[in-house]
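Chemist: Before I ask anything, here is the structure I am working with.
The values are calculated or read from the model by the stated rules, or taken from the named source; none is laboratory data. None of these values were measured; they are calculated from a predicted model. Cβ placement follows ideal geometry from the backbone for every residue including glycine, while neighbour counts extend to all protein chains displayed. Quick note on the areas: whole protein, heavy atoms, side chains included, nothing else; ligands and nucleic acids left out. Shrake-Rupley method; radii C 1.70, N 1.55, O 1.52, S 1.80 Å.
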Amino acid sequence: MRLSEIRDLLACEVFSAEDQLNREAKHGCASDLMSDVLAFSRAGAVLLTGLVNVHTVQTAYIAEINCIVFVRGKRPDESVIAVAKEKKISLLGSSYSMYEACGILYQHGLTSTMQCALNHTSPKRA
Amino acid sequence: MGKPFSHSFIVEGRNFVQAGTASTKIKTMLKELGIDGGVVRRVAIATYEAEMNIVMYANSGTVVLEVTPEVVRLNVNDRGPGISDIDLAMQEGYSTATPEMREMGFGAGMGLPNIKKNADDLRIKSTVGEGTNLEITFRIN
Ligand SMILES: Nc1ncnc2c1ncn2[C@@H]1O[C@H](COP(=O)(O)OP(=O)(O)OP(=O)(O)O)[C@@H](O)[C@H]1O
Ligand SMILES: [Mg+2]
């Protein structure tokens, strides 16, 4: 899914790398725990998170995530935006909740990057 | 690539503003050296986890990066409290992170397991009251 489509679907404000929204997100991941992002995401994911500090941007750079969507109307400050610009990471802000934002993207075909669910069998019904 | 490449970085304990800069620099360097993208990502993840552990738990430390035609090696050394039970620390979910650290997105207890998962070899030595040493090796293809 194009990053510009993510921007439109989630009615996002764009804080950085607006000229790079023609890039593709291959899959999605949502977490407020940076080690979980590093453990379970694959290169080319979009990250949805409620954490707006600089560590989120650094984690994205390390994990080869080129777009972060901050949910629930959270706004990064200038120092965070500056690091994102330097690393060419598109920072978007949406007022949707984490659950809604994930649901909308999933519904439009963006599947999960997290490789943990694949290791489990689906729960059996009684 | 000719002779082995080596570079050393200093990491300050509890400096959350600087945190992550050694890893991001290492990632950029490895890309410039033309190392395979998959290897670069694995090294970057392991370095970042190791660097964050110095920042969170130790007083100070160093990360030494060494690249030969066969391997990328990281030697991560810190002065700090050390780890009394390494097997326990290696378990997914085990964490002594403070509420402040958790608020910043750390403390999943996934850092050391992540390093192990991404590396081809991990050796941990630690002395309580002195510090911790990680030797992490990645084979290049
Ligand atoms: N360099 C270190 N010095 C002292 N203790 C450490 C060090 N590295 C790890 N530990 C201890 O081992 C525990 C597990 O570390 P690990 O990196 O796996 O998880 P974490 O740092 O708690 O959380 P996460 O890495 O997911 O943010 C830590 O909570 C800490 O108690
Ligand atoms: Mg850690």
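Chemist: Any idea how many residues of the range A:10-62 are over 25 Å from B:TYR48 (Cα atoms) and touching a His at 6+ places or on another chain (Cβ under 6 Å)?
Modeler: 0
Chemist: Follow-up question, since we're still on this one. Within the range B:27-42, track down each residue that is within 10 Å of chain A (Cβ to nearest Cβ) and open to solvent by less than 10 Å² (accessible area, probe 1.4 Å).
Modeler: Once the filter is applied, which keeps residues that are within 10 Å of chain A (Cβ to nearest Cβ) and open to solvent by less than 10 Å² (accessible area, probe 1.4 Å), the range B:27-42 yields B:LYS27, B:VAL40.
Chemist: Can you name the condition, by its number, that B:MET110 falls short on among (1) more than 10 Å from chain A (Cβ to nearest Cβ); (2) in contact with a Leu (Cβ under 8 Å, 6 or more places away or on another chain)?
Modeler: Of the numbered conditions (1) more than 10 Å from chain A (Cβ to nearest Cβ); (2) in contact with a Leu (Cβ under 8 Å, 6 or more places away or on another chain), the odd one out for B:MET110 is (1).
Chemist: Could you list, in sequence order, the residues of the range A:60-107 that are charged (D, E, K, R) and at positive phi?
Modeler: Matches in the range A:60-107: A:GLU64, A:ARG72, A:LYS88.
Chemist: Of the residues that sit in the range B:1-25 and are touching a Leu at 6+ places or on another chain (Cβ under 8 Å) and under 16 Å from B:ASN77 (Cα atoms), which one is surrounded by the most Cβ atoms within 10 Å (Cβ to Cβ)?
Modeler: If we take residues in the range B:1-25 being touching a Leu at 6+ places or on another chain (Cβ under 8 Å) and under 16 Å from B:ASN77 (Cα atoms), then B:PHE9 is surrounded by the most Cβ atoms within 10 Å (Cβ to Cβ).
Chemist: Among the candidates A:GLY28, A:GLY73, A:GLY50, which residue alone is more than 8 Å from every other protein chain (Cβ to nearest Cβ) and closer than 23 Å to B:LYS27 by Cβ?
Modeler: A:GLY28
Listed here are the residues, each with its yes/no results for (1) of a type outside the set (Lys, Arg); (2) buried (at least 23 other Cβ atoms within 10 Å of the Cβ); (3) in a loop (DSSP other than H, G, I, E, B).
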{"position": "A:VAL14", "(1), (2), (3)": "yes, no, no"}
{"position": "A:GLY28", "(1), (2), (3)": "yes, yes, no"}
{"position": "A:ASP32", "(1), (2), (3)": "yes, no, yes"}
{"position": "A:SER35", "(1), (2), (3)": "yes, yes, no"}
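So that you can scan it fast, the table gives a plain yes or no per residue for (1) surrounded by 15 or more Cβ atoms within 10 Å (Cβ to Cβ); (2) more than 8 Å from ligand 1 (Cβ to nearest atom); (3) touching a residue at least 12 places away in the same chain (Cβ under 8 Å):
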site: B:GLY61; (1), (2), (3): yes, no, yes
site: B:LEU65; (1), (2), (3): yes, yes, yes
site: B:GLY82; (1), (2), (3): yes, no, yes
site: B:ASP87; (1), (2), (3): no, yes, no
site: B:GLY93; (1), (2), (3): no, yes, yes
site: B:ALA97; (1), (2), (3): yes, no, yes
site: B:ARG102; (1), (2), (3): no, yes, no
site: B:PRO113; (1), (2), (3): yes, no, yes
site: B:ASN141; (1), (2), (3): no, yes, yes
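Chemist: Would you call A:GLU13 under 26 Å from B:ALA19 (Cα atoms) and away from chain B (no Cβ under 11 Å)?
Modeler: Judged against the criteria, A:GLU13 is not a match.
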